[in-house]
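> Handing you this structure, nothing more for now.
Values quoted throughout were computed directly from the atomic coordinates according to the rules given, and no laboratory measurement underlies them. Remember, it's a predicted structure, so these values are computed and weren't measured experimentally. Note: ideal-geometry Cβ built from the backbone for every residue, glycine included; neighbour counts use all protein chains shown.
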Amino acid sequence: MAEKIKKEERSIESLAGKYLTFYLGDETYGIEILKVQEIIGMMNVTHFPKAPDFIRGVINLRGKVIPVIELRKKFNLETHDDDEKTCIIVIQLMVGDNEIRQGVIVDEVSEVLDISQEEIELSPSFGSQGNIDFIMGVGKVSDKVVILLDVNKILSSDELEALSNI
Amino acid sequence: MNDILNNIRENVPFMMFGDGTVYAKMTELIMSLPDDEPAKKILGEALDDTFFSSFDEFDTKLSEFSKLLKDIQEGTLDESEKREKTRKKITDSELVNDFVVESNEGLNEFEVKLLAFENDNDISFINDIFRVVNTIKGSSGFLEFDELNHYAHIGENLLDELRNNRITIDDRVIEFLFTVLDALKKSLQEVSESLKDGFFPEFSLDTEWIEKEVEEIREGSAKVVIDKKDLDLIKEESKKTLEEDSEKIDGSGKITKFLKVDTDKVDFLLDNVGELIVVNNMLFQDESILQITEKTTQKILGELKRISTRLQTSSMALRMVPIGATFQKMMRVVRDNSKRLKKAIKLKISGEGTEIDRNMVDKLHDPLMHMIRNSCDHGIEMPKEREEAGKPSTGNIWLSSYHKGGNIVIEIRDDGKGLSKEKILKKALDNDLITPEQHLTDKEIFNLIFKPGFSTAEKVSEISGRGVGMDVVKNAITSLGGRVDIESTDGQGSVFYIKLPLTLAILDGVVIRIGDERFIIPAQVVEEAIKPTAEDYFNMANQGEMIKVRDLVHPLVRLPEVFQVESDSKNPEDGIVIIVETDRKKIGLMADEILGKQEVVIKNLGAFFKKYDFISSGAIMGDGTVSLIIDINKLL
């Protein structure tokens with residue numbers, strides 16, 4: 001038991017830091033600023049045949065072709081048309097030894113927040129249905145509730161496995 | 001000896017972790033062992049290993065040490081164990097790597113010069129070879145590859161006698177030099193492999209053979225006088241070779257200096273230049289930029305465009321290397337094959353200065369070698385056969401390379417017997433590759449040899465008949481974005497044309513439209529596009545939908561359905577059908593229309609879309625958006 005508590009403390013500790021926050025519907029989400037490469041305006045996305053629903057397609061990021069994920073679809077939220085606030089957050093992650101860059105479409109980017117250890121609660125466990133493990137925890141900063149996302153887990157474990165096997 | 005070992009043994013109980021005094025004393029004892037005693041080295045290393053182990057390991061290491069000592073004293077340390085213990089570690093792998101790279105370059109020169117001698121009998125090549133072997137001898141000595149050093153030393157001695165005319169060059173000497181060349185090549189490969197586990201390699205060099213052979217060559221050679229002109233030439237050459245290093249003098253007498261650069265750096269530069277060009281294109285298509293009338297701004301923009309284009313051209317050139325080195329390797333292939341097949345064959349090379357994408361060079365070697373072997377084996381006849389046909393007994397293969405219409409063409413021409421249409425047709429019928437009713441053009445008949453499992457050789461020879469068919473060659477070329485065409489005249493010979501794109505970075509593509517989406521099909525697989533009528537299209541039991549083109553039927557692939565894309569045309573007759581040639585057969589792809597043919601820059605999609613392999617890569621179009629390139633071989 002004591003061991004478990006210790007483990008939780010350690011992970012809360014590691015969660016503290018700077019987050020880029022953005023809106024998706026009424027909720028505010030945050031992703032670790034260190035994983036964010038840049039934020040770009042909405043652009044022409046090329047549809048990728050047979051790819052899952054939540055993958056909007058691919059874009060040309062200054063000569064590199066990168067996949068773009070529609071977060072609303074991924075989170076089973078109602079989709080709406082893009083507007084001038086819609087943008088793409090380009091994140092960088094390591095899967096195995098491969099560096100992967102991908103874009104995430106969000107409603108609107110908010111601000112960068114510094115969230116301390118005391119303001120973070122680990123993600124509540126909702127029983128055993130485990131498809132919310134991309135939520136690392138919840139940050140409460142001056143009346144605002146920020147859902148902290150684990151960018152590495154936005155893709156399902158199957159998809160990640162497919163990536164790390166290369 | 002035994003006294004010393006006893007003395008060491010007495011000290012073992014006093015060995016304690018980190019005790020320097022005992023360590024010093026034991027080292028001294030071990031050092032006093034005779035130099036030629038293998039135990040000296042083994043014990044020395046084991047002692048260091050023990051003392052510098054971590055605290056946790058010390059007990060284990062110590063008992064290993066005592067056991068080793070006991071084994072040595074009782075003589076139970078067997079040979080393989082002894083060798084295992086004496087394996088030396090490579091300390092400076094970078095230095096060894098440099099040695100491998102440089103020596104390989106040298107050996108390539110060795111091979112080229114040796115092969116050239118067989119053609120022009122110009123003995124000045126001995127100096128060049130001598131220099132190569134001399135360098136290998138020196139470096140291997142420095143790096144303590146003793147066996148290699150010894151081998152090279154013996155070879156060098158003979159070469160020295162050769163260049164001083166104490167021994168004449170005859171067939172035996174040439175054979176000897178080829179064997180030495182192959183042995184040195186193999187050793188370098190062994191060294192290169194040893195870098196992986198970090199231990200000194202065990203060379204497979206046959207030292208006994210070289211010693212004996214050199215002795216016999218020396219004895220067998222009469223003292224022969226070489227005329228003075230040759231001698232002077234050799235002296236001159238030897239002076240020149242000393243000065244030549246990384247400077248090469250080209251035809252115009254201009255000195256070109258070379259710089260070795262990490263390929264990653266070049267790739268990074270090329271990536272960035274690529275991005276610059278894309279941004280440039282976007283800038284010059286931008287509405288507000290197009291509206292600028294200000295003269296000075298226009299001038300600046302013009303300048304920017306010019307410099308960017310120049311930068312692109314010059315950085316593309318960085319990727320390019322002359323094809324000559326790959327061609328030179330074919331000299332050896334022809335030589336070895338003509339010996340083995342007992343046919344007289346000469347290879348003539350031209351256009352070796354033609355530059356190709358460096359990423360293509362390595363991938364080109366195997367298919368090229370295969371085609372050359374094929375020409376030796378199936379193209380060129382036996383000398384007697386040739387004479388009967390009224391041809392010179394020596395067969396010729398011409399290997400050349402040139403630019404043609406934005407492509408690089410590699411031509412393999414031989415003056416052999418040519419491809420026999422009858423034999424090909426018979427074979428294809430036997431293997432059910434065609435039906436008796438089919439009427440094929442000459443070109444289609446020749447192309448049958450690229451079908452999997454096809455081989456026209458009456459007897460399976462040691463060389464060409466090793467189970468790799470021409471289909472493998474074709475696949476290799478296709479994967480480079482190229483194609484192979486054949487021309488052949490019965491009794492007069494065949495020509496194989498390999499057509500390659502200038503660079504792997506750019507693809508010649510056919511842009512098609514399906515609904516709102518655009519896709520690209522590599523132009524080299526596209527045979528034709530047809531607008532079928534309702535009668536050309538039918539559904540065959542067990543075989544699915546087929547499309548008829550003239551008198552042939554091909555499977556029809558409804559791309560909109562495969563890709564799950566909304567399309568305008570419901571039936572083939574509403575849109576267009578593109579006939580493409582896959583690895584196995586021709587298929588018809590249904591689409592709404594063809595938008596045009598265009599050169600596109602290929603972009604890797606990365607790991608993310610790995611499992612969607614029917615899309616090979618992306619391409620950035622003129623307007624900055626991405627289109628996807630279809631891999632037709634993965635569609636079915």
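> State, in angstrom, two size descriptors of region B:93-221 derived from its alpha carbons: Rg to one decimal place and Dmax to the nearest whole number.
In Å, with Rg to one decimal and Dmax whole: 14.5, 44.
> Considering amide H positions built from the backbone, and no H for Pro or chain starts, which residues 5 or more places from residue B:599, or on another chain, come under 5 Å of its amide H?
Excluding prolines and chain starts, which carry no amide H, the hits are B:509.
> Counting Lys and Arg as +1 and Asp and Glu as -1, what is the net charge of the other residues whose Cβ lies under 12 Å from the Cβ of residue B:60?
-3
> Next up: Which links in B:339/B:426; B:343/B:443; B:40/B:88; B:342/B:391; B:41/B:61; B:329/B:384 stretch past 20 Å when you go from one Cα to the other?
B:339/B:426; B:343/B:443; B:329/B:384
> Residue B:408's amide H: which non-local residues (gap 5+, or another chain) put their own amide H closer than 5 Å, with H modeled 1.01 Å from N in plane and none for Pro or chain starts?
B:500, B:502
> Moving on to the next point. Can you give the Rg to Rh ratio for chain B, taking only C-alpha atoms and Rh from Kirkwood?
When Rh is taken as the Kirkwood radius, the ratio is 1.07.
> Moving on. Tell me, what is a quarter of the convex hull surface for the C-alpha atoms of region B:340-460, in nm² with one decimal?
Mean orientational projected area (region B:340-460, Cα hull): 9.7 nm².
> Against the globular-protein guess of 2.2 N^0.38 Å, express the Cα radius of gyration of region B:263-318 as a ratio, rounded to two decimals.
Dividing the Cα Rg of region B:263-318 by 2.2 N^0.38 Å gives 1.31.
> In whole Hz, what ³J(HN,Hα) sequence does region B:567-578 give by Karplus (6.51, -1.76, 1.60; θ = phi - 60°), x for Gly and Pro?
So the Karplus estimates, Gly and Pro as x, are 10, 6, 9, 8, 10, x, 6, 7, x, 9, 10, 9 Hz.
> Can you tell me what the convex hull of the Cα atoms of region B:506-634 projects to on average, as an area in nm²?
Details: hull surface 33.1 nm².
So the Cα hull casts an average projection of 8.3 nm².
> Turning to a different aspect of this structure: Work out how much length residue B:561 to residue B:172 would gain on full extension: take 0.36 nm times their residue separation and subtract the Cα-Cα distance, in nm to one decimal.
Taking residue B:561 through residue B:172 to full extension adds about 133.2 nm, to one decimal.
> Sticking with this structure for a sec: Suppose the Debye formula is applied to equal point scatterers at every Cα of the protein assembly as shown; what is log10 I(q)/I(0) at q = 0.07, 0.08 Å⁻¹?
-0.85, -1.03
> Now, a different point. Counting GluC sites (Glu not before Pro) as exposed when in a DSSP loop with at most 16 other beta carbons within 10 Å, what is the longest stretch of chain B free of them?
B:1-143
> At a Cα cut-off below 20 Å, give the aspartates and glutamates reachable from residue B:25, other chains included and same-chain residues fewer than 8 away excluded.
B:3, B:10, B:35, B:37, B:45, B:48, B:49, B:59, B:64
> Excluding residues fewer than 8 places away in the same chain, name every one of the aspartates and glutamates whose C-alpha is closer than 19 Å to that of residue B:196.
Leaving aside aspartates and glutamates fewer than 8 places away in the same chain, those within reach of residue B:196 are B:84, B:92, B:94, B:98, B:102, B:144.
> If I model a spin label as a point 7 Å beyond the Cα along the Cα-Cβ vector, how far apart are those points for residue A:143 and residue B:3 in nm?
Label at residue A:143, label at residue B:3, 9.6 nm between them.
> How charged is the neighbourhood of residue B:548? Take every other residue with its Cβ under 10 Å from the Cβ of residue B:548, and add Lys/Arg as +1 and Asp/Glu as -1. If you can, show how the numbers build up before the last one.
On the way: positive: B:550; negative: B:535, B:536, B:551.
Its environment carries a net charge of -2.
> Under 18 Å Cα to Cα from residue B:611, which aspartates and glutamates show up? Leave out anything in the same chain fewer than 8 places away.
A:53, A:99, A:158, A:159, A:161, B:631
> Follow-up question, since we're still on this one. Taking 2.2 N^0.38 Å as the expected size of a compact globular protein, what ratio does the Cα radius of gyration of region A:17-115 give against it, to two decimals? Don't skip to the answer; put the middle values down first.
Details: Rg = 13.3 Å, N = 99, 2.2 N^0.38 = 12.6 Å.
Ratio of Rg to 2.2 N^0.38 Å for region A:17-115: 1.05.
> Tabulate in residue order the Karplus-calculated ³J(HN,Hα) for region B:588-605, using 6.51 cos²θ - 1.76 cosθ + 1.60 with θ = phi - 60°, rounded to whole Hz; enter x for Gly and Pro.
Couplings: x, 9, 8, 8, 6, 6, 9, 8, x, 10, 7, 8, 10, 8, 6, 10, 5, 8 Hz.
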